[in-house]
Amino acid sequence: MNQHICALLIHDQEELFEPLRRTLSDLSVETYSVATCQQAKHLISHWKPQIIFTEKSVADGSWMNVINLAEAADPPLSVIVVGTIPDTQLYLSTMERGAFDFVAPPFEHEPLNFVLRSAALNAHRHRETLSHALAV
(Lines give C-alpha, C1' and ligand atoms only; values in the text may rest on other atoms or scores of the structure.)
Protein backbone atom coordinates (compact mmCIF):
# COMPACT_ATOMS: atom_id res chain seq x y z
CA MET A 1 0.00 0.00 0.00
CA ASN A 2 1.44 3.31 -1.03
CA GLN A 3 -1.15 5.95 -0.30
CA HIS A 4 -1.28 9.39 1.18
CA ILE A 5 -2.19 9.23 4.88
CA CYS A 6 -4.38 11.80 6.60
CA ALA A 7 -4.69 11.81 10.38
CA LEU A 8 -7.09 13.75 12.56
CA LEU A 9 -5.76 14.75 15.97
CA ILE A 10 -8.37 15.29 18.70
CA HIS A 11 -6.77 16.99 21.69
CA ASP A 12 -6.29 20.05 23.80
CA GLN A 13 -2.79 19.24 25.09
CA GLU A 14 -0.50 21.05 22.67
CA GLU A 15 2.63 20.10 24.65
CA LEU A 16 1.83 16.39 24.10
CA PHE A 17 0.61 16.60 20.52
CA GLU A 18 3.13 19.03 19.01
CA PRO A 19 5.97 16.45 19.10
CA LEU A 20 3.56 13.88 17.62
CA ARG A 21 2.53 16.33 14.88
CA ARG A 22 6.21 17.01 14.01
CA THR A 23 6.96 13.28 13.75
CA LEU A 24 3.86 12.71 11.61
CA SER A 25 4.95 15.58 9.37
CA ASP A 26 8.40 13.99 9.04
CA LEU A 27 6.59 10.81 7.94
CA SER A 28 4.63 12.78 5.28
CA VAL A 29 1.32 12.47 7.08
CA GLU A 30 -1.17 15.28 6.59
CA THR A 31 -2.73 16.28 9.92
CA TYR A 32 -5.57 18.42 11.11
CA SER A 33 -6.32 19.15 14.78
CA VAL A 34 -9.58 19.76 16.62
CA ALA A 35 -10.39 19.96 20.34
CA THR A 36 -13.74 18.15 20.52
CA CYS A 37 -15.60 15.11 19.23
CA GLN A 38 -18.26 17.42 17.79
CA GLN A 39 -15.67 19.28 15.70
CA ALA A 40 -14.18 15.93 14.65
CA LYS A 41 -17.56 14.57 13.56
CA HIS A 42 -18.07 17.48 11.19
CA LEU A 43 -14.53 17.29 9.82
CA ILE A 44 -14.52 13.50 9.27
CA SER A 45 -17.35 13.65 6.76
CA HIS A 46 -15.62 16.34 4.71
CA TRP A 47 -11.92 15.56 5.01
CA LYS A 48 -12.00 11.72 5.10
CA PRO A 49 -8.98 10.92 7.31
CA GLN A 50 -7.96 7.29 7.74
CA ILE A 51 -6.69 7.60 11.31
CA ILE A 52 -7.62 9.47 14.47
CA PHE A 53 -5.11 10.17 17.23
CA THR A 54 -6.76 11.17 20.51
CA GLU A 55 -5.75 11.80 24.07
CA LYS A 56 -7.42 10.02 27.01
CA SER A 57 -10.01 12.76 27.48
CA VAL A 58 -11.15 15.62 25.30
CA ALA A 59 -13.39 18.62 26.06
CA ASP A 60 -16.62 16.74 25.24
CA GLY A 61 -15.76 13.13 26.01
CA SER A 62 -13.08 10.48 26.28
CA TRP A 63 -11.17 8.10 24.06
CA MET A 64 -14.22 5.80 24.21
CA ASN A 65 -16.36 8.53 22.64
CA VAL A 66 -13.74 8.94 19.92
CA ILE A 67 -13.78 5.19 19.22
CA ASN A 68 -17.59 5.31 18.94
CA LEU A 69 -17.27 8.26 16.56
CA ALA A 70 -14.68 6.41 14.44
CA GLU A 71 -16.77 3.24 14.32
CA ALA A 72 -19.80 5.23 13.16
CA ALA A 73 -17.83 6.89 10.35
CA ASP A 74 -18.40 5.65 6.83
CA PRO A 75 -16.08 3.80 6.46
CA PRO A 76 -14.83 3.23 10.03
CA LEU A 77 -11.51 4.83 11.02
CA SER A 78 -8.56 3.50 13.01
CA VAL A 79 -8.13 5.15 16.42
CA ILE A 80 -4.78 5.49 18.15
CA VAL A 81 -4.94 6.65 21.77
CA VAL A 82 -2.08 8.87 22.91
CA GLY A 83 -0.90 8.72 26.50
CA THR A 84 1.57 10.90 28.33
CA ILE A 85 3.57 7.86 29.46
CA PRO A 86 3.59 4.14 28.59
CA ASP A 87 0.65 2.67 30.52
CA THR A 88 0.00 -1.06 30.21
CA GLN A 89 -3.38 -0.90 31.92
CA LEU A 90 -4.62 1.90 29.65
CA TYR A 91 -3.16 0.12 26.61
CA LEU A 92 -5.08 -3.06 27.41
CA SER A 93 -8.26 -1.13 28.16
CA THR A 94 -8.15 0.81 24.89
CA MET A 95 -7.37 -2.28 22.83
CA GLU A 96 -10.20 -4.27 24.43
CA ARG A 97 -12.64 -1.51 23.54
CA GLY A 98 -11.69 -1.14 19.89
CA ALA A 99 -8.69 1.18 19.62
CA PHE A 100 -6.21 0.24 16.94
CA ASP A 101 -3.22 1.03 19.16
CA PHE A 102 -1.86 3.11 22.03
CA VAL A 103 1.28 5.26 21.79
CA ALA A 104 3.20 7.49 24.18
CA PRO A 105 6.26 9.74 23.90
CA PRO A 106 8.89 9.70 22.69
CA PHE A 107 7.36 9.57 19.21
CA GLU A 108 10.22 7.91 17.36
CA HIS A 109 10.02 7.62 13.58
CA GLU A 110 10.34 3.87 13.04
CA PRO A 111 7.92 2.61 15.72
CA LEU A 112 5.37 5.31 14.94
CA ASN A 113 5.70 4.68 11.21
CA PHE A 114 4.96 0.98 11.76
CA VAL A 115 1.83 1.75 13.83
CA LEU A 116 0.76 4.42 11.36
CA ARG A 117 1.13 2.24 8.25
CA SER A 118 -0.68 -0.64 9.94
CA ALA A 119 -3.55 1.64 11.01
CA ALA A 120 -3.79 3.16 7.52
CA LEU A 121 -3.84 -0.32 5.97
CA ASN A 122 -6.64 -1.28 8.37
CA ALA A 123 -8.65 1.79 7.33
CA HIS A 124 -7.88 1.12 3.65
CA ARG A 125 -9.25 -2.43 3.99
CA HIS A 126 -12.45 -1.06 5.54
CA ARG A 127 -12.81 1.29 2.56
CA GLU A 128 -12.19 -1.48 0.02
CA THR A 129 -14.71 -3.73 1.75
CA LEU A 130 -17.29 -0.94 1.72
CA SER A 131 -16.73 -0.06 -1.95
CA HIS A 132 -16.88 -3.76 -2.89
CA ALA A 133 -20.17 -4.16 -0.98
CA LEU A 134 -21.62 -1.10 -2.73
CA ALA A 135 -20.61 -2.43 -6.14
CA VAL A 136 -22.42 -5.75 -5.62
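The values are calculated or read from the model by the stated rules, or taken from the named source; none is laboratory data. Not measured: the values here are computed from a predicted model. Methodologically, a virtual Cβ is constructed for each residue, glycine included, from the backbone with ideal geometry; neighbour enumeration extends over all protein chains shown. In case anyone asks, the SASA skips ligands and DNA or RNA and just uses the protein heavy atoms, side chains included. Shrake-Rupley method; radii C 1.70, N 1.55, O 1.52, S 1.80 Å.
In the stretch 31-47, which residue that is part of a helix (DSSP H, G or I) and in contact with a helix residue (DSSP H, G or I) (Cβ under 8 Å, 6 or more places away or on another chain) is nearest to LEU9 (Cα to Cα)?
Ranking the qualifying residues of the stretch 31-47, first place goes to ALA40.
Does ASN122 fit the bill of being touching a Phe, Trp or Tyr at 6+ places or on another chain (Cβ under 8 Å), over 13 Å from LEU9 (Cα atoms) and open to solvent by 20 Å² or more (accessible area, probe 1.4 Å)?
yes
Scanning the stretch 87-111 for residues that are closer than 20 Å to ALA70 by Cα, in contact (Cβ under 8 Å) with a residue 24 or more places away in the chain and assigned to a helix (DSSP H, G or I) yields LEU90, THR94.
Checking the structure you have, find out if any residue of the stretch 36-44 is β-branched (Val, Ile, Thr), open to solvent by less than 80 Å² (accessible area, probe 1.4 Å) and more than 26 Å from GLU110 (Cα to Cα). Spell out the reasoning first.
First, the residues of the stretch 36-44 that are β-branched (Val, Ile, Thr): 36, 44.
When the remaining residues are screened for being open to solvent by less than 80 Å² (accessible area, probe 1.4 Å), the result is 36, 44.
Those left that are additionally more than 26 Å from GLU110 (Cα to Cα): 36, 44.
So far as the stretch 36-44 goes, yes, one or more of its residues are β-branched (Val, Ile, Thr), open to solvent by less than 80 Å² (accessible area, probe 1.4 Å) and more than 26 Å from GLU110 (Cα to Cα).
Within the stretch 1-30, being open to solvent by 20 Å² or more (accessible area, probe 1.4 Å) and in a helix (DSSP H, G or I) holds for GLU14, GLU15, GLU18, PRO19, ARG21, ARG22, SER25, ASP26. Which residues, taken from the stretch 38-69, are over 10 Å from the mean Cα position of the chain (by Cα), under 20 Å from VAL103 (Cα atoms) and among the aromatic types (Phe, Trp, Tyr)? Correct list: TRP63 only. Here the stretch 48-60 is the region considered, the condition is being out of contact with any Ser or Thr (no Cβ under 7 Å at 6 or more places or on another chain) and not in a strand (DSSP E or B), and the residue that is least open to solvent (accessible area, probe 1.4 Å) is PRO49.
Name every residue in the stretch 77-97 that is of a type outside the set (Lys, Arg) and surrounded by fewer than 15 Cβ atoms within 10 Å (Cβ to Cβ), in order of residue number.
Our first condition is that a residue be of a type outside the set (Lys, Arg); within the stretch 77-97, this holds for 77-96.
Within the stretch 77-97, THR84, ILE85, PRO86, THR88, GLN89, LEU92, MET95, GLU96 qualify.
From the list VAL103, VAL136, the lone residue that is at pLDDT 95 or above and among the β-branched types (Val, Ile, Thr) is VAL103.
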